[in-house]
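The values are calculated or read from the model by the stated rules, or taken from the named source; none is laboratory data. In this text the structure is predicted, and so the values were computed from the model without any measurement. Virtual Cβ from ideal backbone geometry, glycine too; neighbours counted across all protein chains shown.
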Amino acid sequence: MKHLTKAMLSHIPEYPEKVLQFGTGNFLRAFTDWQIHEMNKKNLFNGRVVVVQSTANGAVNTINEQDGLYTLYLQGIKDHQPVSEHEVISSISRGINIVTEYDDYLAMAQNPELRFIISNTTEAGITFNDEDLLHDRPQKSFPGKLTAFLFERFQAFDGDLSKGFIILPCELIEENGKELKRIILQYANAWNLETAFCKWIEEANTFCNTLVDRIVPGFPKDTIQEKTMELGYIDQLVVVGEQFHLFVIEGPEFVKDEFPAAKAGLNVHVVEDLSSYRLKKVKILNGAHTAMTPVALLAGLQTVSEAVTNDVTKEFVESVIYDEILPTLPFPKEELNQFAEDVLNRFKNPFIHHYLISISLNSISKFKARLLPTLQEYIQEFGTFPNGIVFSLSAMIYFYRGKRGEEDIKLVDDPEALALFQRLWNNYHGDENEIETIVKTILAAEELWGENLNDLPKLTEAVTQYVLTIDKFGMAEALQKLQHLKGEYNESVH
């Protein structure tokens with residue numbers, strides 16, 4: 001069977017290299033590289049990507065062996081039906097290993113048609129390393145490598161303001177563009193680079209904050225033989241992603257013209273402020289994940305798909321989203337309902353196994369960031385508890401006992417927080433008063449929540465009752481009793 005190369009394809013347009021991409025991984029190949037491919041198909045972008053591998057080990061050799069080509073499978077719910085489709089993506093021209101080909105890397109700075117820099121170097125990638133030096137080949141940090149590249153560009157074109165870049169970092173941190181720019185200027189200062197270079201960074205380059213959203217499981221190792229037979233060729237870079245995608249770019253209007261993904265029919269938005277998109281994603285998608293996880297795990301389920309389709313938990317998850325989270329958000333109801341429907345369709349994706357136990361990592365900080373604000377806003381807005389969220393908090397406290405029936409659960413969280421839960425649950429011997437003590441102590445832990453949650457009227461009483469019910473009856477029956485139990489707390493809490 002043949003390996004995938006461009007000799008197998010009828011025609012690939014010879015577009016100029018317009019994008020320098022830091023990261024050879026699955027996500028960018030299933031996200032931005034796919035978007036560029038889609039724009040190229042419609043003659044809207046007409047450019048290709050040079051991929052930089054910044055570590056000794058990576059996919060660059062395979063990328064070059066396959067002429068930059070790879071097969072992308074998009075699998076998920078499309079027009080209310082499960083759909084799996086695939087296509088060869090041809091937006092990558094070549095790869096550079098910066099460790100062994102540093103001169104080739106710097107030479108890219110002299111390409112006058114290069115216009116975009118895209119990165120996905122993990123959340124830890126946008127950091128300052130005080131050991132980095134300008135003459136290193138290469139620098140250790142991604143911002144250090146990029147600063148050296150930008151300085152090479154500045155020198156190659158004598159500070160020409162028209163030769164700057166549109167920079168789109170896709171790392172999952174808030175204000176990623178702003179933070180990357182700050183660190184680059186920090187390097188410029190640490191390396192005593194000329195003032196004119198700092199001015200060029202400021203005036204010639206556009207650092208955009210971004211929000212990215214697409215689940216990308218990556219290489220389908222469990223089904224690669226089946227997919228290879230379907231394709232009829234060997235592809236070592238097959239990547240699987242969900243149908244849904246969202247790319248929000250916080251930047252000036254001209255970015256729409258230079259990166260015209262929306263014109264290609266893609267879910268890409270160039271906006272003045274992306275905070276509303278982030279708020280919806282964090283509260284609805286991430287909030288639902290956090291709310292369902294301890295409940296579904298204690299009900300014996302394993303995946304997100306099971307949690308939103310199983311009769312035991314389905315109604316609970318939908319109620320939290322539609323009845324508790326959406327009413328606290330300041331957006332049109334129709335817009336919120338559509339977003340929620342998209343989220344639930346993504347959760348139901350039959351092709352993707354998103355394991356709840358992986359979502360359970362660091363559940364305390366996730367609850368604090370994603371659900372606690374909604375809980376407090378709901379009380380302020382409606383004067384009653386969001387009972388599903390309160391029940392989820394109770395389930396999390398019980399989940400942090402570290403057991404599911406007789407099965408031990410390996411919890412991953414802050415060691416001091418886990419030690420607190422372990423100490424409290426080790427002292428539990430079945431007495432109801434002990435449950436109340438556990439709940440009061442956990443809710444009082446300001447190091448967990450940033451405040452004493454016992455100060456919220458009647459919350460301690462409600463959580464104690466829910467934990468007792470879970471302990472006595474098990475999760476499945478506790479969910480059945482939830483409708484009855486929550487009636488006791490629906491009166492005003494003010």
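Points to keep in mind about this one:
- Exclusive hit being at pLDDT below 95, among the charged types (D, E, K, R) and closer than 27 Å to I173 by Cβ, set K348, K366: K366
- Note on region 110-157: among residues that are in contact with an Asp or Glu (Cβ under 8 Å, 6 or more places away or on another chain) and either basic (K, R) or not assigned by TED's automatic domain parsing to the domain that holds A261 (or both), the one that is modelled with the highest pLDDT is R115.
- Matching helices (runs of 4 or more DSSP H) fully within region 154-272 where at least 1 residues are in contact with a Leu (Cβ under 7 Å, 6 or more places away or on another chain) and not polar (S, T, N, Q): 176-190, 195-204
- Pick from region 171-185, criterion hydrophobic (A, V, I, L, M, F, W, C) and at pLDDT 95 or above, ranking: surrounded by the most Cβ atoms within 10 Å (Cβ to Cβ): L180
- Pairs are defined by a Cβ separation below 9 Å, a sequence spacing of at least 6 or placement on different chains, a first member in region 26-38 that is closer than 13 Å to V50 by Cβ and not assigned by TED's automatic domain parsing to the domain that holds H245, and a second member that is assigned to a helix (DSSP H, G or I) and not charged (D, E, K, R); no pair meets this definition.
- T195 vs. criteria surrounded by 16 or more Cβ atoms within 10 Å (Cβ to Cβ) and hydroxyl-bearing (S, T, Y): no
- Of all residues in region 325-366, those satisfying the criterion of being touching a strand residue (DSSP E or B) at 6+ places or on another chain (Cβ under 7 Å), farther than 23 Å from Y277 by Cα and not hydrophobic (A, V, I, L, M, F, W, C) are P350, H353, Y355.
- So I249, is it surrounded by fewer than 18 Cβ atoms within 10 Å (Cβ to Cβ), modelled with pLDDT of 95 or more and hydrophobic (A, V, I, L, M, F, W, C): no
- Between Y428, Y398, the distinction of being exposed (fewer than 15 other Cβ atoms within 10 Å of the Cβ), aromatic (F, W, Y), in the same structural domain as L482 (by TED's automatic domain parsing) and on the phi < 0 side of the Ramachandran plot belongs to Y428 only.
- In region 267-305, residue surrounded by the most Cβ atoms within 10 Å (Cβ to Cβ) [restricted to those that are of a type outside the set (G, A, S) and without any contact (Cβ under 8 Å) to a residue 40 or more places away in the chain]: V270
- Per-region count, region 102-126, residues buried (at least 16 other Cβ atoms within 10 Å of the Cβ), over 24 Å from F45 (Cα atoms) and under 23 Å from the mean Cα position of the chain (by Cα): 3
- Any hit, region 410-418, residues being touching a helix residue (DSSP H, G or I) at 6+ places or on another chain (Cβ under 7 Å) and either basic (K, R) or under 20 Å from I321 (Cα atoms) (or both): no
- Tallying residues that are over 13 Å from Y187 (Cβ atoms) and part of a loop (DSSP other than H, G, I, E, B) within region 120-134 yields 3.
- Residue match in region 286-300 (condition: of a type outside the set (G, A, S) and out of contact with any helix residue (DSSP H, G or I) (no Cβ under 9 Å at 6 or more places or on another chain)): no
- Test for E85: is it surrounded by fewer than 22 Cβ atoms within 10 Å (Cβ to Cβ), over 19 Å from I234 (Cα atoms) and of a type in the set (D, E): no
- Criterion applied to R115, R137 was being of a type outside the set (S, T, N, Q), touching a strand residue (DSSP E or B) at 6+ places or on another chain (Cβ under 6 Å) and closer than 27 Å to E202 by Cα, and the one residue passing it is R115.
- Options I442, I409, I389: the member that is closer than 30 Å to H80 by Cα and in the same structural domain as L479 (by TED's automatic domain parsing): I389
- Filter result for K78 (farther than 30 Å from H353 by Cα and either assigned by TED's automatic domain parsing to the domain that holds V240 or among the aromatic types (F, W, Y) (or both)): no
- Residue list for region 351-364, restricted to those being outside any loop (DSSP other than H, G, I, E, B) and surrounded by 15 or more Cβ atoms within 10 Å (Cβ to Cβ): L356, I359, S363, I364
- So D79, is it surrounded by 18 or more Cβ atoms within 10 Å (Cβ to Cβ) and charged (D, E, K, R): no
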